[in-house]
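The values are calculated or read from the model by the stated rules, or taken from the named source; none is laboratory data. Not measured: the values here are computed from a predicted model. Glycine also receives a Cβ, built like all others from the backbone with ideal geometry; neighbour counts cover every protein chain displayed.
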Amino acid sequence: MRETESATGLRSRLVDVGVDLVTREGAQALTLREIARRAGVSHGAPRRYFPTHLELLSAIARHGYAELADRTRTATGRDPRARLTRLSRAYLEFALEKPGMYELMFRHDLLESGHLGLRDTSLPLFGVLVELVGQVRPGADARAVAGALWAQLHGIAQLWSWGGLQLATGTDDFTPLLHAALDAHLGPAAER
């Protein structure tokens, strides 16, 4: 067992192992024992750095939010509608490429627990969405519209990952659904 490394090093390794595990096998695979086993430490070692299972899961989910934030940074430009489209596409692509991490990131028990600090990581992403919606729909309740759009994107991601939308729509491309969601919440786009 490699428990003699620095506390920071072992803490980081436990999180990295968890990130790899959730990416490969899904959120259900994230047990303390399995993370410890794959990190090469005793099953009790994670408790020294993460007193609760939720704290370790939250640290792993923070990596997902950081990656999603990196992906959404590509949504640049002057046109807020185009930026919203790119941001929404990045969100859907992340959800479909990393379903285990995506599931973990939106676990209610992690988000609800304010002392884990996950809100500090997740809320800035929502803030960008609110800001862009406010630019596209001045005078609208941007938080409410952004919340409804986010919920619809989340639903598209879930139903797409389960295969239901492909079956119902007869398509293997979520782009028309993305545009329909944006049009529903922002009004029809001038041109595509």
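If LEU68 satisfies all but one of (1) surrounded by 13 or more Cβ atoms within 10 Å (Cβ to Cβ); (2) more than 18 Å from TRP150 (Cα to Cα), what's the number of the condition it fails? So LEU68 meets the others, but not (2). Being under 27 Å from VAL136 (Cβ atoms), modelled with pLDDT of 95 or more, among the hydrophobic types (A, V, I, L, M, F, W, C) and in contact with a Phe, Trp or Tyr (Cβ under 9 Å, 6 or more places away or on another chain) is the requirement here; does LEU92 meet it? Criteria met by LEU92.
Condition (residue is buried (at least 18 other Cβ atoms within 10 Å of the Cβ) and under 19 Å from VAL130 (Cβ atoms)) applied to region 41-50: is it met by at least one residue? Among the residues of region 41-50, not one is buried (at least 18 other Cβ atoms within 10 Å of the Cβ) and under 19 Å from VAL130 (Cβ atoms), which makes the answer no. Here the condition is being within 15 Å of ARG83 (Cα to Cα), in a helix (DSSP H, G or I) and in contact with a helix residue (DSSP H, G or I) (Cβ under 7 Å, 6 or more places away or on another chain); of LEU159, LEU165, LEU178, it holds for LEU178 alone.
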